[in-house]
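Asker: Take this structure, written in structure tokens, and hold onto it; I'll ask about it next.
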Amino acid sequence: MTMTLEEFIDATSMGARQRLIVALAFLTMVAEGLDITIASFLYPQIVKDWGTSIGAVTFTVTMGVISMAIGGAIAGPLADRYGRKPIAIAGILLFSLATAAMGLAKTIEVLATLRIVACAGLGAVMPVVMAIVADSIPSTRRAQMVTLTFSGVAAGTIIGGFLASSIIPDFGWPTLMAICGLAPLVLVPAIAIFISESVSVLIARGHTEEHIRKA
């Protein structure tokens, strides 16, 4: 008799590996909330420093939101083809490096382009990471752990406001972008090492039960 995905996950207890997955996913959502928040502190600064028009800022924000939606929409098909973990890592690299590079921008055109790229990564990361958590947790704890993971966005928002008020007055907004962009990169090796591919992806690819149980 073939065991379904739900039966397979529910037959296991929530162990140390699953708690580690939730912890890393939570930190990823913190990075997501942080990146989204610091942009709101960036735009008033570039209006002041560069004399950027409100129209240009509005365009940048609007295109960023659209890019985030597109990133989220294409993340699913890409994750089905290449795996959820690789897409999560690629998304983190994309938004982290693009955000850090924004600190080097000298024109609104360059900054807007980088922000659009960063938002594509942000949009891709969230659904993939949440799916990894949902795939890894027994149904009795799934809603609780998914909610906990998503709360990382709110935590990142709080941290972003604190960092902006602390860094911008003394060091300027480019330093804020560099710090908040580069910090999430520390998650990449941890995710690569400690998070296995989602069970649903492994089952869909026909991996052996032993391999799936090990994951």
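The values are calculated or read from the model by the stated rules, or taken from the named source; none is laboratory data. Computed from a predicted structure; not experimentally measured. FYI the Cβ positions are ideal-geometry reconstructions off the backbone, even for glycines, and counts take in every protein chain you see. Ligands, DNA and RNA are stripped out before the accessible areas are found, and what is left, the full protein with its side chains, is counted by its heavy atoms. Shrake-Rupley method; radii C 1.70, N 1.55, O 1.52, S 1.80 Å.
Asker: Of everything in the stretch 101-111, what is surrounded by fewer than 21 Cβ atoms within 10 Å (Cβ to Cβ) and either under 16 Å from the mean Cα position of the chain (by Cα) or not acidic (Asp, Glu) (or both)? Give them in sequence order.
Answerer: Scanning the stretch 101-111 gives 101, 103, 104, 105, 106, 107, 108, 110.
Asker: Continuing with the same structure: Given the options 105, 120, 100, 23, name the one that is part of a helix (DSSP H, G or I), out of contact with any Gly (no Cβ under 6 Å at 6 or more places or on another chain) and of a type in the set (Gly, Ala, Ser).
Answerer: 23
Asker: Checking the structure you have, find out if any residue of the stretch 176-195 is without any contact (Cβ under 8 Å) to a residue 24 or more places away in the chain, under 24 Å from residue 76 (Cβ atoms) and either part of a helix (DSSP H, G or I) or open to solvent by 40 Å² or more (accessible area, probe 1.4 Å) (or both).
Answerer: Looking through the stretch 176-195, none of the residues is without any contact (Cβ under 8 Å) to a residue 24 or more places away in the chain, under 24 Å from residue 76 (Cβ atoms) and either part of a helix (DSSP H, G or I) or open to solvent by 40 Å² or more (accessible area, probe 1.4 Å) (or both).
Asker: In the stretch 150-175, what count of residues is obtained for those that are open to solvent by 20 Å² or more (accessible area, probe 1.4 Å) and within 24 Å of residue 14 (Cβ to Cβ)?
Answerer: Count: 5.
Asker: Mind checking which pairs have a first residue in the stretch 30-59 that is open to solvent by less than 20 Å² (accessible area, probe 1.4 Å) and a second that is of a type in the set (S, T, N, Q), Cβ under 6 Å, 6 or more apart or different chains?
Answerer: 33/157; 35/99; 37/157; 46/52
Asker: Report yes if residue 131 is in contact with a helix residue (DSSP H, G or I) (Cβ under 9 Å, 6 or more places away or on another chain), at pLDDT 95 or above and in a helix (DSSP H, G or I), otherwise no.
Answerer: Criteria not met by residue 131.
Asker: Okay, next question. Taking into account only those residues within the stretch 135-149 that are of a type in the set (A, V, I, L, M) and touching a residue at least 60 places away in the same chain (Cβ under 8 Å), which is surrounded by the most Cβ atoms within 10 Å (Cβ to Cβ)?
Answerer: Only one residue fits best here, namely 137.
Asker: Within the set of pairs 6 or more residues apart or between chains, which connect a residue that is without any contact (Cβ under 8 Å) to a residue 60 or more places away in the chain inside the stretch 108-124 to a residue that is of a type in the set (Val, Ile, Thr) and crowded, with 21+ Cβ neighbours inside 10 Å with Cβ atoms less than 6 Å apart?
Answerer: Going by the 6 Å Cβ cut-off, the qualifying pairs are 112/60.
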